[in-house]
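Below: the structure, in structure tokens.
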Amino acid sequence: MQTGARLEAFLGVTDLERAQAFYVDVLGLAVVESNGFSLVLDSDGTTVRVQRVEAAPGLPQTVLGWVVDDVVAAVEELRGKGVAFARYDGMDQDDHDVWSAPGGDRIAWFADPDGNVLSLAQLV
């Protein structure tokens, strides 16, 4: 692998128009290309290639995450746009649905319309 190779993320969704409405209108990513088979987005210099699939993978773990300066502010901004945040059994999450890891990182999870698990993290 070449040093300096740029990372590109891939994500499967069943409805590209619905995904575009969520990732662009709600999360604020920029459209680079849309061709009916995939939607290429830019997230602050990282390419996110959203591919149309027959069935959403339904993975239980986080597939994409963003590092933010203030997780509570980011949660409340997205909540104001209709995003629901997840609560998990056994995780001591605060009133903002944020979990504090033992090392001090703070994380909140939410899902896109296809159920892909996404996260916001404020790192120590």
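Quick look at the values:
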quantity	calculated
Pairs where the first residue, in the range 103-124, is in the same structural domain as A21 (by TED's automatic domain parsing) and the second is assigned to a strand (DSSP E or B) and hydroxyl-bearing (S, T, Y), C-beta under 9 Å, 6+ apart	none
Test result for V67, at pLDDT 95 or above, over 21 Å from G115 (Cβ atoms) and not polar (S, T, N, Q)	yes
In the range 38-48, the residues that are at pLDDT 95 or above and surrounded by fewer than 15 Cβ atoms within 10 Å (Cβ to Cβ)	D42
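The values are calculated or read from the model by the stated rules, or taken from the named source; none is laboratory data. Small disclaimer: the values here were computed from a predicted structure and weren't measured. Heads up, the Cβs are rebuilt from the backbone with ideal geometry, glycines too, and the neighbour counts pull from every protein chain shown.
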